[in-house]
Amino acid sequence: MNSDNAQGATRRELIKSAAAATVATVAGATVAKSSAFAVAPSRVLGANERINIGFVGVGGQGMTHVRLLKENAEDNNTANVAVCDIYRRRVKNAQGFCGLTDKAAFEDFRKLLEMKDIDAVWIATSDNWHAPIAIAAMEAGKHVYIEKPMCRSVEEAYAIYDTAKKTKKLVQVGSQGCSDPKWHVAGKVVKEGRIGHLVQAQGSYCRNGKAGEWNYYTIDKDAGPNATGDGYINWDVFRMGKEPRAWDPDRYFRWRKYWAYGNGIMGDLFPHRLHPLAIAMALPQSGMGGFPSRVSSMGGLYVQKINPETKKVDREVPDFTTIQVDFAEGCTMMLLGSTINEQGWQDMIRGNKATLYFGGSGVQIRPERVWAEEVEFGEEPVEGAGESIEQHHKNFLQCIREGGVPNCNIELALRVQIMISLGEMAYRRGKTMHFDPKTRKYWG
């Protein structure tokens, strides 16, 4: 790739136009409930045929997917055939790792989507770009694996959902806990009525670090929009026209701390529990069932207010927060998230007759005292438990070949994304948010 200034300017204009075009696609899909593009036919795969994969976003988590899929390529019968990123150094690194030519390495994701032999696209960009890329990929005939959270808003969630239904493309959100069998075993117990009426599920995801969460993401000091060669980053595309216009390396490399690109704990940590708990609660994944009816959130920015390196305001998102979700099915989910104390709540599902606990070699059923004569204390065994990204990949690839339903499929992902988006609004507005799945409207 030529790195002189004239070529760099051309690339910057090209990708800037891509930003405007794809944002318009999302807006059109949200308002009109249909995408702006005709649905492209996808390659028909035989049961033993290789699945070709393209990657958009090849930073930290993106390269984790690139590496794991390359390591397991023979077992999965896949090939890493294209990579894309708005940071040229990352493109070059991923290109070299995969052994790709310049014709398969891109700074504009639309060019990657033009490759007709790509069957599936892995999306691991900042959260603000998930929806535009996912919608464009499905319209181009590709299945999509999207890192969590699926997107940034209720409107984007429905835009992705409607596109998936229209194109019949599969969606897997990268909440790998959904491929841990213990949650599915628990869901079976709940569905069979063995704990009585489902009352409440709880979980947490907590961390602690002296430097502040996400500050361990390295800032490349030689990189930016004015850099030439491998250090060039298309800042205008990243920020999608939002302020600030001036280059801010902290916002680019540590974007999870800022509302314009992500939502901190809500999007980074909560999905690790929201998706699996929804499975364990056996919440419906069809029709109007399983949607949140009411969402509230508490917490704040208590400790990580000042960056110890820069002595400036460190983040916009909270470092401690909770979320409570009520469902029309007559039950509640509660989560605790922290980046300043690592003591969380015990994973637990309460019924009026018994409570489920997770640990040891299985899912334990402990009857409530007044129901002890009717409900038997016991443990349902779980084989192969663990949150494995490799197993989550395998599940998705198997569904592409066999037409199955991914463990973190579009129905589950839609419902959880609405919980996340309403949770963010509840926190930022200081209000309880309400939702009606029939009208897709929310208020609070």
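The values are calculated or read from the model by the stated rules, or taken from the named source; none is laboratory data. Given the structure is predicted, the values throughout are model-derived calculations rather than measurements. A quick note on method: Cβ atoms are made from the backbone with ideal geometry, for glycine too, and the neighbour counts reach across all protein chains shown.
Tabulated values for the structure
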item	result
Of residues in region 146-178 being assigned to a strand (DSSP E or B) and not polar (S, T, N, Q), the one nearest to residue 66 (Cα to Cα)	146
Tally, over region 213-246, of residues that are in contact with an Asp or Glu (Cβ under 6 Å, 6 or more places away or on another chain) and modelled with pLDDT under 95	0
Condition broken by residue 341, with the remaining ones in (1) within 23 Å of the chain's Cα centre (by Cα); (2) within 27 Å of residue 257 (Cβ to Cβ); (3) surrounded by fewer than 17 Cβ atoms within 10 Å (Cβ to Cβ) satisfied	(1)
Residue selected from region 214-251 under the condition of a type in the set (Asp, Glu) and assigned to a helix (DSSP H, G or I), by the criterion surrounded by the most Cβ atoms within 10 Å (Cβ to Cβ)	250
Members of region 61-95 that are under 23 Å from residue 175 (Cα atoms) and assigned to a loop (DSSP other than H, G, I, E, B)	72, 77, 85
Total residues in region 102-145, condition of a type in the set (A, V, I, L, M), closer than 19 Å to residue 262 by Cβ and in a loop (DSSP other than H, G, I, E, B)	1
Qualifying positions in region 374-401 - closer than 17 Å to residue 193 by Cβ and in a loop (DSSP other than H, G, I, E, B)	374, 375, 376, 377
Looking only at region 369-407, and only at residues there that are among the acidic types (Asp, Glu) and touching a residue at least 24 places away in the same chain (Cβ under 8 Å), the one that is nearest to residue 122 (Cα to Cα)	390
Extreme residue, nearest to residue 182 (Cα to Cα), among residues of region 275-318 that are of a type in the set (Gly, Ala, Ser) and part of a loop (DSSP other than H, G, I, E, B)	282
Number of positions in region 179-205 that are assigned to a loop (DSSP other than H, G, I, E, B) and within 17 Å of residue 387 (Cα to Cα)	1
Residue that is without any contact (Cβ under 8 Å) to a residue 40 or more places away in the chain and aromatic (Phe, Trp, Tyr), where the choices are 161, 216	216
Residue in region 162-183 that is of a type in the set (A, V, I, L, M), within 30 Å of residue 82 (Cβ to Cβ), in contact with a helix residue (DSSP H, G or I) (Cβ under 7 Å, 6 or more places away or on another chain) and surrounded by fewer than 24 Cβ atoms within 10 Å (Cβ to Cβ) present	yes
Candidates 92, 103, 70, filtered to the one that is at negative phi, loosely packed, with under 13 Cβ neighbours inside 10 Å and at pLDDT 50 or above	103
Search result, residues across region 340-372 that are out of contact with any helix residue (DSSP H, G or I) (no Cβ under 8 Å at 6 or more places or on another chain), modelled with pLDDT under 95 and either outside the structural domain of residue 306 (by TED's automatic domain parsing) or not in a loop (DSSP other than H, G, I, E, B) (or both)	359
Residues of region 272-289 satisfying the condition of being farther than 11 Å from residue 184 by Cα and small (Gly, Ala, Ser)	286, 287, 289
Check on residue 378, closer than 30 Å to residue 142 by Cα and at pLDDT below 95	no
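Here's the yes/no breakdown for (1) surrounded by fewer than 23 Cβ atoms within 10 Å (Cβ to Cβ); (2) touching a helix residue (DSSP H, G or I) at 6+ places or on another chain (Cβ under 7 Å):
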position	(1), (2)
200	yes, no
212	yes, no
253	yes, no
260	yes, yes
267	no, yes
275	no, yes
291	yes, yes
295	no, yes
